[in-house]
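First comes the structure, then the notes that go with it.
The values are calculated or read from the model by the stated rules, or taken from the named source; none is laboratory data. This structure is a prediction, so every number in the text was calculated from the model and none was measured. So basically every Cβ, Gly included, is an ideal-geometry build from the backbone, and we count neighbours across all protein chains shown. Accessible surface areas use protein heavy atoms only, side chains included; no ligands, DNA or RNA. Shrake-Rupley method; radii C 1.70, N 1.55, O 1.52, S 1.80 Å.
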Amino acid sequence: PPRTEEAMYLDNVVDWLFGGLSHWDAEHFLFIAEKGYLYEHNFAFFPLFPIVLRGFAEILLWPLSSWLSVRGRLLLAVALGNSALFLLSVIAFYALSRAVLQDRRLALLSSFLYCSTPANVFMTAGYSESLFAALTFGGLFLLEKGFTLRACLALSIATAARSNGLVNIGFLLYLPSLHAISLIRVYRATTKGHSKVLHYIWVILRLLLTSLFGTAVIALPFCAFQYYGYRTFCTPSTSLEQIHPALLSLGERRGYRVPDENGPPPLWCMRPLPLLYSHIQDVYWDVGFLRYFELRQIPNFILAMPMATLAIMAAYAYFQANPELCLRLGLWGTALEKPTPGFFNPKVFVYVVHSTVLLIFGTLCMHVQVLTRFMASSSPVPFWISAHLLLLNEPLLHRRKTSNPNVQLQTDPKNYCKHTPQNPILALLPHFKACSPTTQSILGYFLSYWILGLALHCNFLPWT
């Protein structure tokens, strides 16, 4: 887009340092943070991340306003803010992994893999992935710990960052149901007569209220944003004279719709359910069921294949280990009474279902190349299954004897404190050739995407 303010002293320096973080969809977020929701297609990008960027630029980076323009401060906010948000998401990811897997070593290894995520560049660039991941993993951790109201708030805020936050409603319906069934089983064994019936009624009533309230709270940001889009374009209060000429000229050249109180409303306003988000995905991005299944999109399917493979392996391995639990939807069974720590823990069931739903929807209804960042910022399962496979198949992680006695993972006391664990991912890299094929495949995928994504995306090459 055209720059509508003059460059200041440090703008060129910040752009030289961090300009690679402003490409592809990041340009949309930066534009919204600077100019607001001016064009119709801007509404494909949810408002929380632009609000956070603008707040960061106007409040924390205000002392730099004499040297940096708003655009320059926003770009600096991307670099600093997303780095901080990613660290928060790592903390939330580890806490959630400990609570669900109940295996500290697996949780720690999963977290190290998450730090090496194949979606690395999107966690740092001007995308909402880090913000969404921090809120989602944090909200799910709170839900696992029984803090339902706080979890609803976190997951609701996550929906203000990305539309797929709506899928988290499934957790809010499932986990309280699991807790309610456990309570009913306890009451059945410990109470009698009318008291038992009253307890049953109370548990069911509380479950219904929690589900309805939680669903409404999580869906509220999405609905409010759609209403804002409807008011902006279907009942506009803005005239073309109020829009900067350079931005108006850009809209005319590119065919971008702008709100105009003197013009006719767009056709989508006349639909029974006038959802602007659906209209944008259909018209501007050509997103729809099976629309991406074309021969020319084969490279994008190949790009998404490793992440899809991890999700499929997770679902298959979990079903093989817990067939009865899966058929009972994880709501009752002997496995719940004597849970086994690790990836096959009954608590993991709902996360595997969630991951599978994201995989199916992302493959059939989205631009499939975004599957990597879509799942890496929404589901812990790809990292859990990767860590599980590493612990299962890599002898070096267990410090067993190998064909080469010199290849052992030992902590160097000169470089590591007594109570600080060595990062097993970094420890495996010097012995990459001696690792098992499974380890080579997983680490090769994570690190190659980590490096390629950074190199290609920041140079405006196809890595979106």
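Details
- Any hit, region 55-69, residues being within 30 Å of LEU220 (Cβ to Cβ) and either in contact with an Asp or Glu (Cβ under 8 Å, 6 or more places away or on another chain) or of a type in the set (D, E, K, R) (or both): yes
- Any chance GLY229 is within 22 Å of ARG3 (Cβ to Cβ), touching a residue at least 24 places away in the same chain (Cβ under 8 Å) and in a helix (DSSP H, G or I): no
- Restricted to region 43-69, and to residues there that are crowded, with 22+ Cβ neighbours inside 10 Å and free of Cβ contacts under 8 Å to residues at least 60 places away in the same chain, the residue that is nearest to the chain's Cα centre (by Cα) is PRO50.
- Listed by position, the helices (runs of 4 or more DSSP H) enclosed by region 302-395 that each have at least 1 residues that are crowded, with 20+ Cβ neighbours inside 10 Å and at pLDDT 95 or above are 349-365, 371-376, 381-393.
- Looking only at region 70-90, and only at residues there that are open to solvent by 20 Å² or more (accessible area, probe 1.4 Å) and more than 27 Å from PRO380 (Cβ to Cβ), the one that is farthest from the chain's Cα centre (by Cα): VAL70
- Taken over region 12-42, the criterion of being more than 13 Å from LEU74 (Cα to Cα), open to solvent by less than 60 Å² (accessible area, probe 1.4 Å) and hydrophobic (A, V, I, L, M, F, W, C) is satisfied by LEU38 alone.
- Scanning region 91-125 for residues that are β-branched (Val, Ile, Thr) and more than 20 Å from GLY139 (Cα to Cα) turns up THR117, VAL121, THR124.
- Among the numbered conditions (1) at pLDDT 90 or above; (2) over 30 Å from TYR174 (Cβ atoms), the only one that THR238 does not meet is (1).
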